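Input: a single structure, listed below in structure tokens.
The values are calculated or read from the model by the stated rules, or taken from the named source; none is laboratory data. Just so you know, these numbers come straight off a predicted model, no measurement behind them. Neighbour counts are summed over all protein chains in view; Cβ atoms, including those assigned to glycine, are modelled from backbone coordinates with ideal geometry.
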There are 2 protein chains.
Amino acid sequence: MTKRTEVLELAVLGLLHDSPMHGYELRKQLTALLGWGRSLSYGSLYPALKDLVRRGLIAESAPDPTVGRSRRAKIVYELTADGKEHFTGLISQAGPAAWEDEPFGVHFAFFARTDAETRMRILEGRRSRLEERLATFRASLHKTRERLDSYTLELQRHGLESVEREVRWLDELIDHERQAAGDTRRSPIAGTSGTKKKEEQPS
Amino acid sequence: MTKRTEVLELAVLGLLHDSPMHGYELRKQLTALLGWGRSLSYGSLYPALKDLVRRGLIAESAPDPTVGRSRRAKIVYELTADGKEHFTGLISQAGPAAWEDEPFGVHFAFFARTDAETRMRILEGRRSRLEERLATFRASLHKTRERLDSYTLELQRHGLESVEREVRWLDELIDHERQAAGDTRRSPIAGTSGTKKKEEQPS
DNA sequence: GTTAGCATGTAAGGAGTTACATGATTTT
DNA sequence: AAAATCATGTAACTCCTTACATGCTAAC
């Protein structure tokens, strides 16, 4: 369903929205953004960039032609007007594909550039997606509980707990969004930066 | 590094260790075991099974030839002696590849069939892997903190917290293993079921 | 009797990694 | 001056998903 490429595309466009970058730099940021584990290979990044250039969504540019006389190209990519438009479209259209793990992370990372409605749609969609997961999870656990050894059981317990935890996190975020919608003077997720100092206890 | 196939192989062998199964049933169990999100397609499961048969690690067998006169095959797979051996080898050899997310989950799920040493090695390896992740994570967060909007920051915070949480979980498991090693009368992870009621406080 | 779930497969294609190849720049 | 890191690329290959094709069996 969710092609990795689409996620990659969105992420690249989003990162370039902030500032022009080298492919190399882009890859580092991407690695940090996309999933906390795997990193993206050049073998898939550079072709993807070339494709975005071909489609006119980003543009290559030499940063300083007078200085860099090197034969070896050093390309800085920047977003074109079309690219900006495309990005805005992608991020606000966000369908069910955006509820999945990786796409959700990327969409969330660019929440600051979306409208409140889209944010709400994605947060609630993600929540329902997790709720589904919990349901099937619990059902299968219920059926097979007896046959499982303590390790498998512990693994399931931990997995279940992680998902439940994310649901609670989403609930908080949804609350913040709702408050922000009702009272526009408050910024969304005001708590995070506002209470940073006070809540430094390790929980 | 870690080919998905290897993980799949280990998981299939491990599941068949318990009881013979249809490919269909296998897929369901596998989906529950491997990652809490994606499910495995038949397009990759059946060829993988055929390959394991070819290598003599599992065997196909008709469950009841006299009754099922259907032309359509209904295959039950079971582990061969070679398969058992191979599985034991795979699970006890466990190198650094087993510290990664999916492989770790699968290895952990079959902990009951490993020796204490292997368990310890995997748990500690996983822990160090996560610790590395935390380090790079924190470093990049430190460098870019100022430029991040509240959403990105919140995402990072949540990601960081999840990893920290898993580290604490691992610490508990490691403790249990150590106790079990010192005092063999206690079963590993005895605490999970034993102290469930007492430790219900939300931390 | 027909829908839903059980059950097995294959062919085509896409997505991304690996491995390789090259060279510039900065740090030690 | 060597080592590390920055920087860009490509070709081969592997794995996996998608989409399709088939047929049984239980429930409604």
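Some points to look at:
- Among the conditions (1) within 30 Å of B:H22 (Cβ to Cβ); (2) modelled with pLDDT of 90 or more, the only one that B:R168 does not satisfy is (1).
- Within the option set A:R138, A:R129, A:R133, being of a type in the set (D, E, K, R) and touching a Pro at 6+ places or on another chain (Cβ under 9 Å) holds for one residue only, A:R129.
- Residue in the stretch B:78-90 that is part of a loop (DSSP other than H, G, I, E, B) and at pLDDT below 90 present: no
- Here is the figure for the stretch A:91-119: residues that are of a type in the set (S, T, N, Q) and not in a helix (DSSP H, G or I) total 1.
- Close Cβ contacts (under 6 Å, 6 or more residues apart or on different chains) running from residues in the stretch B:51-70 that are modelled with pLDDT of 50 or more to residues that are charged (D, E, K, R) comprise B:V53/B:E60; B:G56/B:D82; B:L57/B:D82; B:A59/B:E78.
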